[in-house]
Amino acid sequence: NPKAPTLTYESISPVALRAYDATTPYFSQLKQKDILSHYPYHSYDCVLRFLQEAAEDPNVTSIKITLYRVAQNSQVAAQLMRAAGNGKQVTAFVEVKARFDEESNIRWAEEMEKAGVRVLYSIPNLKVHAKLCLVSRKSDGISGNETEENAEERFVYLSTGNFNES
């Protein structure tokens, strides 16, 4: 159709999420306030950084996540495998029936299992669309509200979008 290009919009690059300070660890920032982002308007880099910091942070004990559409070259899955390699308890619920992404989801689920991630597969006739990530970490006392030396903090990512950077 020769008129089709006139019916499309110019590509718009995502903007950085100003609520995050690139020089301060995310967990310190999230203790101060909740942060709302909107994709694809905001850059997905903040989600990838959240997972990267969780994989690297020695105080993080576990990561639990639901995965619906896993990217072909998933940085999300790579960070989860890295976290497992760093001794964190990582659990990923993988929705197998994700229209057109089944092959990628199964491939990544198998790779994650090999890397030490506990993978839970979807159940027939039960569709999971929730996009959740729960990070648990030992408190480092930054907020000053901890009553016990080994208090645990939880950080939650809740979204209607997928953990898919592409």
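The values are calculated or read from the model by the stated rules, or taken from the named source; none is laboratory data. Remember, predicted model here, so these are calculated numbers, not experimental data. Every residue, glycine among them, receives a Cβ derived from its backbone with ideal geometry; neighbour counts consider all protein chains shown. Please note that ligands, DNA and RNA were not included when accessible areas were found on the heavy atoms of the full protein model with its side chains. Shrake-Rupley method; radii C 1.70, N 1.55, O 1.52, S 1.80 Å.
Of the residues making up segment 89-107, those that are open to solvent by 30 Å² or more (accessible area, probe 1.4 Å) and assigned to a helix (DSSP H, G or I) are Glu102, Glu103, Ile106, Arg107. Each residue in segment 14-38 was checked for being touching a residue at least 12 places away in the same chain (Cβ under 8 Å) and open to solvent by less than 30 Å² (accessible area, probe 1.4 Å), and 4 pass.
In this structure, does Ala55 turn out to be more than 24 Å from His129 (Cβ to Cβ), under 17 Å from the mean Cα position of the chain (by Cα) and of a type outside the set (Ser, Thr, Tyr)?
On the way: more than 24 Å from His129 (Cβ to Cβ): yes; under 17 Å from the mean Cα position of the chain (by Cα): yes; of a type outside the set (Ser, Thr, Tyr): yes.
Taking the combined requirement at face value, the residue satisfies it.
Of the residues making up segment 39-63, those that are open to solvent by 40 Å² or more (accessible area, probe 1.4 Å), more than 22 Å from Asp140 (Cα to Cα) and either outside any helix (DSSP H, G or I) or among the small types (Gly, Ala, Ser) (or both) are Tyr39, Pro40, Tyr41. Please work out if Glu56 is out of contact with any His (no Cβ under 9 Å at 6 or more places or on another chain), free of Cβ contacts under 8 Å to residues at least 40 places away in the same chain and under 17 Å from Pro25 (Cα atoms). For Glu56, the condition - out of contact with any His (no Cβ under 9 Å at 6 or more places or on another chain), free of Cβ contacts under 8 Å to residues at least 40 places away in the same chain and under 17 Å from Pro25 (Cα atoms) - is met.
Gln79 falls short on exactly one of the conditions (1) open to solvent by 50 Å² or more (accessible area, probe 1.4 Å); (2) part of a helix (DSSP H, G or I); (3) modelled with pLDDT of 95 or more; (4) not hydrophobic (A, V, I, L, M, F, W, C), and that condition is (1).
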